[in-house]
1. Would you mind telling me which numbered condition in (1) exposed (fewer than 13 other Cβ atoms within 10 Å of the Cβ); (2) at positive phi; (3) at pLDDT 95 or above residue 104 fails?
2. Kindly provide the set of residues from segment 107-117 that are touching a residue at least 24 places away in the same chain (Cβ under 8 Å) and surrounded by 13 or more Cβ atoms within 10 Å (Cβ to Cβ), ordered by number.
3. Mind checking whether some residue in segment 107-116 is more than 16 Å from the chain's Cα centre (by Cα) and among the charged types (D, E, K, R)?
4. Only residues that are within 20 Å of residue 4 (Cβ to Cβ), at pLDDT below 95, in a loop (DSSP other than H, G, I, E, B) and within 14 Å of the chain's Cα centre (by Cα): list them for segment 39-69, please.
5. In this structure, is residue 61 of a type in the set (Ser, Thr, Tyr) and over 22 Å from residue 24 (Cα atoms)?
6. Six or more apart or on different chains, Cβ atoms under 9 Å: show the pairs whose first residue is in segment 29-45 and within 21 Å of residue 56 (Cβ to Cβ) and whose second is in a loop (DSSP other than H, G, I, E, B) and of a type in the set (D, E, K, R).
Amino acid sequence: MGGKWYRNIQQKDRTATTTLQVRRSGNDYFEYGLADKYTTTLIFSPVIKADILFLKEGIATSNTWASVNYTGTTVSGQALSLRYTYLCTHDDAVAVINGQTYEHIYKIEVRPQTAPPSSPFTNTGEIYEYYYAQGIGLIYSKKTTNGPTTMQANIRRYNVF
């Protein structure tokens, strides 16, 4: 897409298989997909597809970055901009998930933010936590919305080809 090479990663749960398109550029990892994928606060119409920088290799705890701004019209007809802010909460964690110990984990916190035209960005109230294990990828994810957990998923098994 756009002269860039992506790898397909399949995630399966009890009801469906999802294919993610990801690529690496230097120490940066991108996912190509819907710009509004990581928020339930808005849906762009027409859809906006873009590269989303979701992980940086070699970062340290407390490092932050932000996505580019995605600007469009929502299904309700409102003009809005969306961006994601990222925080590395741990750069070399260990986690036990389903009895399996995973090492060398980046823990990343993502906060979607929206803004009407010419206004400052504000948090949507959603917080996503992602654990990425070296050589494996995503092993844990959790979403909270204004406090309560609204989604949580653990890795059960993986194959690296």
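1. (1)
2. Initially, segment 107-117 is screened for residues touching a residue at least 24 places away in the same chain (Cβ under 8 Å), giving 107-108, 110-117.
Once the filter is applied, which keeps residues that are touching a residue at least 24 places away in the same chain (Cβ under 8 Å) and surrounded by 13 or more Cβ atoms within 10 Å (Cβ to Cβ), segment 107-117 yields 107, 108, 110, 111, 112, 113, 114, 115.
3. No: zero hits.
4. none
5. no
6. Once the first residue is within 21 Å of residue 56 (Cβ to Cβ) and sits in segment 29-45, its partners that are in a loop (DSSP other than H, G, I, E, B) and of a type in the set (D, E, K, R) give 29/57; 30/4; 31/37; 32/4.
Per-residue answers, yes or no, for (1) touching a residue at least 12 places away in the same chain (Cβ under 8 Å); (2) among the hydroxyl-bearing types (Ser, Thr, Tyr); (3) more than 24 Å from residue 35 (Cβ to Cβ):
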{"residue": "74", "(1), (2), (3)": "yes, yes, no"}
{"residue": "84", "(1), (2), (3)": "yes, yes, no"}
{"residue": "92", "(1), (2), (3)": "yes, no, yes"}
{"residue": "97", "(1), (2), (3)": "yes, no, yes"}
{"residue": "105", "(1), (2), (3)": "yes, no, yes"}
{"residue": "119", "(1), (2), (3)": "no, yes, no"}
{"residue": "124", "(1), (2), (3)": "yes, yes, no"}
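The values are calculated or read from the model by the stated rules, or taken from the named source; none is laboratory data. Since this is a predicted model, take the numbers as computed values, not measurements. Cβ coordinates were reconstructed from backbone atoms using ideal geometry, including for glycine residues, and neighbour counts include every protein chain displayed.
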